[in-house]
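Step one of this worksheet: look at the structure below.
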Amino acid sequence: MSTFITLMGKLWARVPALIQALVLGELVVSLGGLPPDLMLFGNLKLFPAVPWALPATCLWLWLLWRYLAGHGWPRSTARSRARDLRGNPLTARIWAWALLAGGLGMLSVVGVSFLTLKLADLPPDAYKLPVDLSRYPVWTVASLLLALSLTAGVVEEAGFRGYMLSRIERRHGWIAGILLTGAVFFLDHHLSHAYATYAFLPFFMLVSCLHGLLVYHTRSILPSVLLHAVADFCVIPFQFGLLGHIDFTSVWKTGIDAFFIGLCAVTLAAALAAIPAFRRLATATRAADGPAAAAPSV
């Protein structure tokens, strides 16, 4: 068995870094997200009054994270798994600035998403759920939404900003890594959604740039995992009408109303406020690294 593993390792080492990054990132996202999806749909079929999918999903995500972080077999890949995941711990000061900068950036990016809804002509059923959640208890729906958000935060960030970005960045640099992961993030994992027409490409590229900047400045995907999960948990209920209806009628039909102007103002203000916050984040990271350390080269 050890000979086989050694042989496969040598063959894998001959594969171009870009292909390695795409393959590993896709495996993490696809295989990591499959069990939670099955558990979520299973919860709606089996004992829907008991939100058992949430603890089961949390257990799966914990086990997945430990493996991606270097635990388990084979030990020969432990170091490379931990390196590619970038699940590095952070100081309290870096956490604070990362959450402030990332939170402001996320608010701006979410604003871009809602503006896109106003400007783009979406299919009539763009936000129609495949199941009628009104038939289920509110605690079950809330737990499923939380499990779905946690899965997106952990699995997608581990796959895209962890394994995929790490390998592309080491070979081709940060800019290429962020742009390529953003393109794959949209084309391979969101374009199939009814709402995600090509009008949403700028939004998904901005999401990738935001998370890429957080990883660049913190050397860790942990802030992105948390912010991704929180954003999904807050935004999805509004997008799919779970907390009431929001009129996203095209601005070309309704005109530039107060809702559109307010969205523009919030989006711009959050983006401008995020700039100095990211600068303070960079300063905090350099201070934690020590006076001799320099930020990674873009």
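The values are calculated or read from the model by the stated rules, or taken from the named source; none is laboratory data. For clarity, every value in this text was computed on a predicted model and none was experimentally measured. Please note: Cβ atoms are built from the backbone with ideal geometry, for glycine as well, and neighbour counts cover all protein chains shown. Accessible surface areas use protein heavy atoms only, side chains included; no ligands, DNA or RNA. Shrake-Rupley method; radii C 1.70, N 1.55, O 1.52, S 1.80 Å.
Some observations on this one:
- Solvent exposure of the stretch 1-95 as accessible area per residue, Å², 1.4 Å probe: 64
- Counted charge near Val29, where neighbours are those whose Cβ lies closer than 9 Å (Asp, Glu -1; Lys, Arg +1): -3
- Charge dipole magnitude, Cβ of K and R +1, D and E -1 - the chain, Cα centre, debye nearest 20: 1180
- Note that the chain, at 20 °C in a medium of 1.002 mPa s, gets a Stokes-Einstein diffusion coefficient of 104 µm²/s from its Kirkwood radius over C-alpha pairs.
- Ligands, DNA and RNA left out, the 1.4 Å accessible surface of the chain is 72% carbon and sulfur atoms.
- Ranking Gly212, Thr140, Gly72 by how far each Cα lies toward the positive end of the dipole of the chain (charges on Cβ) leaves Gly72 at the top.
- Helix-only mean residue ellipticity at 222 nm for the chain, each DSSP H run of n ≥ 4 adding -39500 (n - 2.57), per residue, nearest 500: -22500 deg cm²/dmol
- Dipole check for the stretch 1-142: with +1 at the C-beta of Lys and Arg, -1 at the C-beta of Asp and Glu, and the Cα centre as origin, the magnitude is about 660 Debye.
- Signed unit charges on C-beta, dipole axis of the chain, positive-most listed residue His172, Phe203, Leu54: His172
- Only protein heavy atoms count here; on that basis, with a 1.4 Å probe, Leu22 has an accessible area of about 50 Å².
- Residues Ser134 and Ala176, FRET efficiency given R0 of 45 Å [Cβ-Cβ distance, rounded to 0.05]: 0.50
- Å³ per residue enclosed by the Cα convex hull of the stretch 1-91: 132
- Within the shell of other residues whose beta carbon sits under 15 angstrom from the beta carbon of Arg93, the net charge comes to +3, with Lys and Arg scored +1 and Asp and Glu -1.
- Dipole orientation for the chain: of the candidates Val112, Ala21, Ser149, Ala21 has the Cα lying most toward the positive pole (charges on Cβ; Lys, Arg +1; Asp, Glu -1).
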